[in-house]
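This report concerns only the one structure given below.
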Amino acid sequence: MTYRLDSKVRPLIWVECQIETHPTRIEYLVKAKSNFKRRSTANNVQISVPVPYDADSPKFKSSVGTVGYDTEASMMIWKIQSFPGQKQYIMRGHFGLPSIRDEEDASMDRALDVKFEIPYFTISGVQVRYLKITEKSGYKALPWVRYITRNGNYQIRLSKNQNKKKKIKNI
């Protein structure tokens, strides 16, 4: 059984990004905070942050997980295997920029993307209280339900106005 939730729900993983642009480099400070109970854990968290198409020389530092650079998509990808509830992690990324640049950089119009799954957790609180299985073929079925919450379509848009420092707002 799958279902969609259309009501307003605060994001289970809140991502905040500060971008500082200099003439020859760009610096990112990405903060990810889990907004669910301590006893739950998000697995296979992947946060993809767009970077300028002409960025080079990537350097990363993170408090947890691994960070890589996908040159094809021009994305900085932060992978966290296990993200416990009520925790916050920080990642920093530095890229070099060419000395001659286009002021209207289309790469900054893209969105941050967050993917994750939380086993044994339902955001809506739906629970199956009773399950009866009738199988005529003789197959032994177990009356067991596994709850899992996945990210769905979860993106954070980057602002078009490029200041020296800017915060990315959730939409």
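Taken over the range 56-95, residues that are basic (Lys, Arg), closer than 25 Å to PRO119 by Cβ and either touching a His at 6+ places or on another chain (Cβ under 7 Å) or in a loop (DSSP other than H, G, I, E, B) (or both) amount to 1. Pairs are defined by a Cβ separation below 6 Å, a sequence spacing of at least 6 or placement on different chains, a first member in the range 1-23 that is modelled with pLDDT of 90 or more and in a strand (DSSP E or B), and a second member that is among the charged types (D, E, K, R) and open to solvent by less than 100 Å² (accessible area, probe 1.4 Å); the pairs so defined are TRP14/LYS33; GLU16/LYS31; ILE19/LYS166; GLU20/GLU27. The residue pairs whose first member lies in the range 137-149 and is assigned to a loop (DSSP other than H, G, I, E, B), whose second member is surrounded by 10 or more Cβ atoms within 10 Å (Cβ to Cβ) and among the aromatic types (Phe, Trp, Tyr), and whose beta carbons are closer than 9 Å, counting only pairs six or more residues apart or on different chains, are ARG146/TYR120; TYR147/TYR120; TYR147/PHE121. Hey, does the range 128-143 have a residue that's at pLDDT 80 or above, within 21 Å of TRP14 (Cβ to Cβ) and of a type in the set (A, V, I, L, M, F, W, C)? Checking the range 128-143: not a single residue is at pLDDT 80 or above, within 21 Å of TRP14 (Cβ to Cβ) and of a type in the set (A, V, I, L, M, F, W, C). In the set (1) at pLDDT below 95; (2) open to solvent by less than 70 Å² (accessible area, probe 1.4 Å), ASP56 fails one condition alone, (2). Total residues in the range 87-123 satisfying the condition of being modelled with pLDDT under 90, open to solvent by less than 50 Å² (accessible area, probe 1.4 Å) and among the aliphatic types (A, V, I, L, M): the figure is 2.
The values are calculated or read from the model by the stated rules, or taken from the named source; none is laboratory data. These numbers were taken from a predicted model, which means no experiment stands behind them. When we count neighbours, we look across all protein chains shown, and the Cβ atoms used for this are built from the backbone with ideal geometry, even at glycine. Accessible surface areas use protein heavy atoms only, side chains included; no ligands, DNA or RNA. Shrake-Rupley method; radii C 1.70, N 1.55, O 1.52, S 1.80 Å.
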